[in-house]
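Report on the structure given below.
Please treat every number below as a calculation from the coordinates, not as lab data. Since the structure is predicted, the reported quantities are computational estimates derived from the model, not experimental observations. All Cβ positions, glycine included, derive from the backbone under ideal geometry; neighbour counts span all protein chains shown.
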Amino acid sequence: MSEHDDASADGERTFRCGYVAIVGRPNVGKSTLLNRLVGQKLSITSRRPQTTRHRILGVLTRPDAQLLFLDTPGYQTRTGGALNRVLNRTAQQVAQDADVVVMVCDATSWTRADEQLAGLLPDDRPVLLAVNKVDAVRDKAKLLPLVEHASKVRAFDEIVPISARSGRQVELLVDLCVARLPEGERVHADDDLTDRGERFLASELIREKLFRLLGDELPYASTVVIERFEELPKLRRVFATVLVERDAQKAIVLGASGERIKRIATEARIDLERLLGMPVYLELFVKVRSGWADDEQSLRAYGYE
Ligand SMILES: Nc1nc2c(ncn2[C@@H]2O[C@H](COP(=O)(O)OP(=O)(O)OP(=O)(O)O)[C@@H](O)[C@H]2O)c(=O)[nH]1
Ligand SMILES: [Mg+2]
């Protein structure tokens, strides 16, 4: 009997580690799920579709496994424009590189975009379907037709109804992922939450407040650039700019006598302080820079892979 067999006989479990891609059409709750999985707000969320624009890693370490979750931008079927092309590329690449794929859909509606994405996902690795937002479905019997239909579209390994908002069945989803991960040592320290730096997290939290406080008024083509990020022993000083495409949009972001930008800055600062666990000083500016979202070169300059 080898040493390995001895260990199994003693009931010692093998350690598993691998990548789990979270994919789905816009607005189904992928980022809310990532945050629920890691217990921190790493990935920004909002009611508006296409909130996520970058691949975001969230690390969950358990006694038996380390899961490397990758949140992705929502997959767009109505493509057009350089930004959408880059976002779709990110979603597909992440699915190709993962050990397990979790496709998220919305329990209240299955659309053509879900259908297309299900067909695009790789055939050579486990794909689980998480039917999210079940808290919004009062009569759970209404879930059955969706589950039946989805299982005809693709032979999913598992179909799990969950609520990322309440946490319902999220543990079960994690267990199902762990069972499908390869054996291997952890690649991150136990207390690592992500590979993204403080600078990036700061710009994302500001972008979230823009999405949330401007609602439908927010110009789709707006982004945040961190101009300066100072790391003092017990303080972060952040100077950031919101880039918009036109003067009229600048006025919208500023709000009457600058009230809106002030509120955006305050709310972003509070979230950032919570995430970093220290006081933050944040100054926010607005600038007009036209055409950035149509130009792949400036997209790269602003951090879109
Ligand atoms: N009722 C309910 N709403 C949810 C749940 N999960 C997410 N939502 C809401 O759905 C909206 C979209 O959530 P996100 O997590 O930003 O969705 P996403 O899939 O990451 O969206 P994109 O990044 O735009 O592709 C937000 O308003 C969330 O609060 C859930 O379990 N139940
Ligand atoms: Mg998202």
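Would you mind calculating the gained length between Leu276 and Leu144 on full extension (0.36 nm times residue separation, minus the Cα-Cα distance), in nm to one decimal?
Gain in length upon complete extension: 43.3 nm.
Quote the FRET efficiency, to the nearest 0.05, computed for Arg13 versus Asp124 with a Förster distance R0 of 35 Å and r equal to the Cβ-Cβ distance.
In this case the efficiency is close to 0.85.
Please give the net charge around Leu254, taking every other residue with its beta carbon less than 10 angstrom from that of Leu254, where Lys and Arg add +1 and Asp and Glu add -1.
Neighbourhood net charge equals +2.
Taking H placed 1.01 Å from N in the peptide plane, check which residues at least 5 places from Gln66 or on another chain put their amide H under 5 Å from its amide H.
For Gln66, whose amide H was placed from the backbone, the distant partners under 5 Å are Arg16, Cys17, Gly18.
Using a Gaussian network for the chain with springs between C-alpha atoms less than 10 Å apart, which of these wobbles most: Glu148, Glu158, Glu115?
Glu148
Once the other residues with Cβ under 13 Å from the Cβ of Gly197 are scored (Lys, Arg +1; Asp, Glu -1), what is the net sum?
-2
Thinking of region 198-301 as a set of Cα atoms, what percent of all their pairs are more than 24 Å apart?
For region 198-301, the share of Cα pairs beyond 24 Å comes to 22 percent.
Over 23 Å between Cα atoms: which of Lys209/Lys250; Lys41/Lys234; Lys41/Lys250 fall into that group?
Beyond 23 Å: Lys41/Lys250.
Quick one: compute a quarter of the convex hull surface over the Cα atoms of the chain and quote it in nm².
Average of the hull's projected areas for the chain equals 18.7 nm².
Roughly how many nanometres apart are two label points built 7 Å out from the Cα toward the Cβ at Asp247 and Gln40?
4.4 nm
Summing +1 for each Lys or Arg and -1 for each Asp or Glu, what net charge is found among the other residues whose Cβ lies under 12 Å from the Cβ of Arg125?
So the surrounding residues net to -4.
Could you give the nm distance between label points at Asp135 and Arg263, where each point is 7 Å from its Cα heading toward the beta carbon?
About 2.4 nm separates the two model spin labels.
For the chain, what is the mean residue ellipticity at 222 nm derived from helices alone (per DSSP H run of n ≥ 4: -39500 (n - 2.57); sum divided by total residues; nearest 500 deg cm²/dmol)?
Value at 222 nm, helices only, nearest 500: -11000 deg cm²/dmol.
Cα-based Rg of region 3-178 per 2.2 N^0.38 Å, rounded to two decimals?
Cα-based Rg divided by the globular estimate yields 1.05.
Report the extension gain between Asp216 and Arg168 in nm, rounded to one decimal, defined as 0.36 nm multiplied by the number of residues separating them, less their alpha carbon distance.
14.3 nm
Using a basic spin-label model with each label point 7 Å from the Cα along Cα→Cβ, how many nm lie between Lys287 and Ala189?
About 3.4 nm, to one decimal.
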